[in-house]
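Asker: Input: one structure, supplied below.
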Amino acid sequence: MKGNKKGFTLIELLAVIIVLALILVFAIPAVLNTSEKAQKKTFATYARKVLTLGQEFIEAEKLDRNITKKAIYNHATKGFSLGTNDNDYYACVVYDSSEEGNEKYKIYMFNGSFYVDGKKDSELKTTDNVEAIDSDHQQITFNETDNTCTIGR
């Protein structure tokens, strides 16, 4: 049968399908990894914003109420906004100057996907200290009596 053959052979079609499948096998994990990195970076940015809000609130409270050792800022009960859906973020900032000359502001925050547990501002400049939520880190507890926060079950 001599003539003008049009179309692709079965082997050519299979080769194209295999090449496309290989591209997908390598592309999908790369895209998902990039997405998770972006979410962690966003979380770290919000954590730094809440830490700054907490520092400002506690500094004002220190002046008003003469706080010298410990104070707490519970983001859920204050009227500040991150410009996002604040209901997704639970956080508190703890001020501790128990050690002479070593004042610390630490943030405890989670959003159902990620958490930071007692980190300082300098520890939030990268996403290294942003952890994925696991079964041991599912809620945040505020204790305004002794000015502490914990993230746990």
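Asker: What ranking of Val16, Val93 emerges when the number of other C-beta atoms within 10 Å of each C-beta is taken as an exposure proxy, fewest first?
Answerer: Val16, Val93
Asker: Of all trypsin sites (Lys or Arg not before Pro) in the stretch 110-139, which ones are in loop regions per DSSP and have a Cβ with at most 15 other Cβ atoms within 10 Å?
Answerer: Sites meeting the loop and neighbour criteria: Lys120, Lys125.
Asker: Can you give me the long-range amide H partners of Gly118? Hydrogens built in the peptide plane at 1.01 Å from N, cutoff under 5 Å, separation of 5 or more residues or another chain.
Answerer: Close amide H contacts, sequence-distant or interchain: Ile107, Tyr108, Met109.
Asker: So for Phe26, Phe57, fewest C-beta neighbours within 10 Å to most, what's the order?
Answerer: Phe26, Phe57
Asker: With the crude spin-label approximation of a point 7 Å out along Cα→Cβ, what separation in nm comes out for Thr45 versus Ala27?
Answerer: Each label point lies 7 Å from its Cα, and together they span 2.6 nm.
Read-outs: derived from the displayed coordinates by stated rules, not from any lab. Only a predicted model underlies this, so the values are computations on that prediction, with no experimental measurement involved. Cβ atoms come from the backbone with ideal geometry, glycine included; neighbour counts cover every protein chain shown.
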